[in-house]
Structure formats: structure tokens, C-alpha cells
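The values are calculated or read from the model by the stated rules, or taken from the named source; none is laboratory data. Note that the structure is predicted; figures quoted are calculated from it, not measured. A quick note on method: Cβ atoms are made from the backbone with ideal geometry, for glycine too, and the neighbour counts reach across all protein chains shown.
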Amino acid sequence: MGGDVSEQELEERFAELLARYKGERGALIPLLQGAQAIFGYLPQEVMERVAEAAGEPLSQALGVATFYSQFRLKPHARNTIRCCHGTACHVSGASLISQEIERFLGIEAGENTPDMFFTVEEVHCVGACGMAPVVMINDRAYGKLTPDKAVAAVKAFREEAEAREAAIGPGKSEAKAQDRGER
């Protein structure tokens, strides 16, 4: 769940978070954000405890978590590919790019690769319309893409990331630390 942090340490951090907001009105979103920062996503048992601490029914907590795209109810891979489908990207072939990336990785948008290396997401806009069509891999933008260039970018990113992880140790990628809020 939390990488190099022990289960006990995660539980302690979570207990502190729950205690900080217990009974506070309007605390549901900060509780969800904090819990996701600790665990990387919001598993069912965490959702139940957050709802209780916020004094809300579980259905309300789940409604909020599924409404906002920042929250994840499933584990997230170490690296995120965001395929932009904003207007500029859409008219420039974003659908073909997404399809080719999904075909190459053998997954659909919203899924993780079996090795938990990539999660693919379709997003509404990444704010780089002048580079359309755009794919973001973590915080790196790749623009003016064709389907073949998009797959080449994914391959190159993976090779670079694997080389970096080999040099610094497995599971210690920058993306993993960023995803847990350790910036």
C-alpha cells in the first residue's frame, strides 16, 4: 500500500489524520485527500473509517470520492499516462493515440498494467493545447503526437524509468514518491 513505509507506520499516520478531523464539519474532502496521500488510494476499509470520522454515511463518502477525479478507489501504478481529450487534442486525433497506447500496453483507460508500471487515464485537458495532441507521462508532456510517436514515447519513458530505478533501487521512483505526496 504505502511503498517503503511499514503497515504500522501507515496505520499511525492514518489514526493521526482521523483524530485531527474527527467530528469537524466539512472535513470529508480533507480526510479523503489525507487518506489517499497515506495509502496511495482509498480502499473500502479506509473509506468506512473516513466516513465514520467525518460523521457521514459511507454512501456520501463514496459519492464524493467517485465524483472528484483526484480520488482513486483502486491501487494506482507507479507511473501515470494521461491521454488528453480536450477539444484541441480531440480534433487532432486523441482517440487514435489513446487506442494505440491501450493496444500497445494491453489495457484500457482506467486500468493498470499487470506489472503496476503504468496506469492509463483519459483526461479532459492538460492545458497544453498548443502541443495537441498531448500525452502526459507523470509530469512530462509529449506533444504533436501521432499514434506511433505516442507508443515510442511510452517505450522510451519506460526504458529511462527502468534504468533510473535500477540505479536507485526498485520501488524508489520519483513518480511513486510524488503519488504519495512526498514532493
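Yes/no per residue for (1) charged (D, E, K, R); (2) loosely packed, with under 14 Cβ neighbours inside 10 Å:
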residue	(1), (2)
Gln60	no, yes
Gly63	no, yes
Phe67	no, yes
Leu73	no, no
Arg78	yes, no
Val91	no, yes
Glu102	yes, no
Leu105	no, no
Ala109	no, no
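Does at least one position in region 95-105 carry a residue that is touching a residue at least 24 places away in the same chain (Cβ under 8 Å), within 16 Å of the chain's Cα centre (by Cα) and closer than 30 Å to Gln36 by Cα?
Checking region 95-105: not a single residue is touching a residue at least 24 places away in the same chain (Cβ under 8 Å), within 16 Å of the chain's Cα centre (by Cα) and closer than 30 Å to Gln36 by Cα.
Considering only residues that are touching a strand residue (DSSP E or B) at 6+ places or on another chain (Cβ under 8 Å), in contact (Cβ under 8 Å) with a residue 40 or more places away in the chain and farther than 13 Å from Phe118 by Cα, which ones fall in region 143-170?
Leu145, Ala150
Which of the residues that make up region 46-77 are assigned to a helix (DSSP H, G or I), at pLDDT below 95 and acidic (Asp, Glu)?
Glu52
Each row is one residue, and each column tells you yes or no for (1) among the hydrophobic types (A, V, I, L, M, F, W, C); (2) within 16 Å of Ala141 (Cβ to Cβ); (3) at pLDDT below 95.
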| position | (1), (2), (3) |
| --- | --- |
| His85 | no, yes, no |
| Val91 | yes, no, no |
| Ile97 | yes, yes, no |
| Ile107 | yes, no, no |
